[in-house]
Amino acid sequence: MAEESELTVEDGASGSKKKLIIIIAIVLVLVIGGVVGFLLLSGGEEQAPAAATATENVQETVTHTALYVGMPRPFVFNIVGDSRDRLVQIKVQLLVRGTANEELAKLHIPLIEGTLLSVFSAASVEELSTQEGKDKIRENSLIETQKALKEITGKVVVEKILFTGFVMQ
């Protein structure tokens with residue numbers, strides 16, 4: 001009988017050791033899971049800007065907030081028409097992505113104004129009288145503005161040009 005009681009005592013001691021090991025393992029898994037979760041959440045935010053700089057042009061248009069830069073004054077110019085000259089006034093806003101592009105656009109407003117004015121003044125009354133013609137002028141404005149800014153900054157700054165006011169008399 002002594003042997004049986006010794007066996008019982010050993011089984012009880014090893015059973016409590018097993019419970020202790022299981023509890024320690026569970027606590028360890030929870031702690032490790034918490035640390036890994038914390039690192040993933042905090043590390044993901046820090047890595048996002050690095051990813052944006054690696055593929056700057058592609059990521060910038062996708063992830064950055066749309067911002068609008070208004071031209072400080074409307075464009076006013078004359079166009080020679082068939083029967084008479086016309087006075088045209090166009091108000092323009094630039095759609096840019098991210099504050100860096102917003103600052104670049106604001107910095108280069110004189111260049112943008114000069115580029116837009118040259119495109120606008122090359123238009124004819126017939127072009128500016130139709131919606132298709134206005135769309136074509138807007139497209140040409142965007143292409144020329146992007147080209148001029150890319151020569152200076154090395155990247156695409158303006159995503160879209162918007163006409164927010166258009167008057168032809």
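A short reminder: the numbers here are calculations on the coordinates, not readings from a lab. Fair warning: this is a prediction, and the values are worked out from it, not measured in the lab. We place every Cβ from the backbone using ideal geometry, glycine too, and count neighbours over all the protein chains shown.
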How would you order 64-72, 19-27, 142-150 from highest to lowest mean count of nearby Cβ atoms within 10 Å? 142-150, 64-72, 19-27
Ranked highest first by average number of other Cβ atoms within 10 Å, how do 121-134, 84-97 line up? 84-97, 121-134
Quick check: pseudo-label points 7 Å beyond the Cα along Cα→Cβ at residue 93 and residue 121, how many nm apart are they? 2.7 nm
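Provide the FRET efficiency to the nearest 0.05 for the residue 107-residue 85 pair, computing r from the beta carbons and using R0 = 25 Å.
That gives a FRET efficiency of 0.10.
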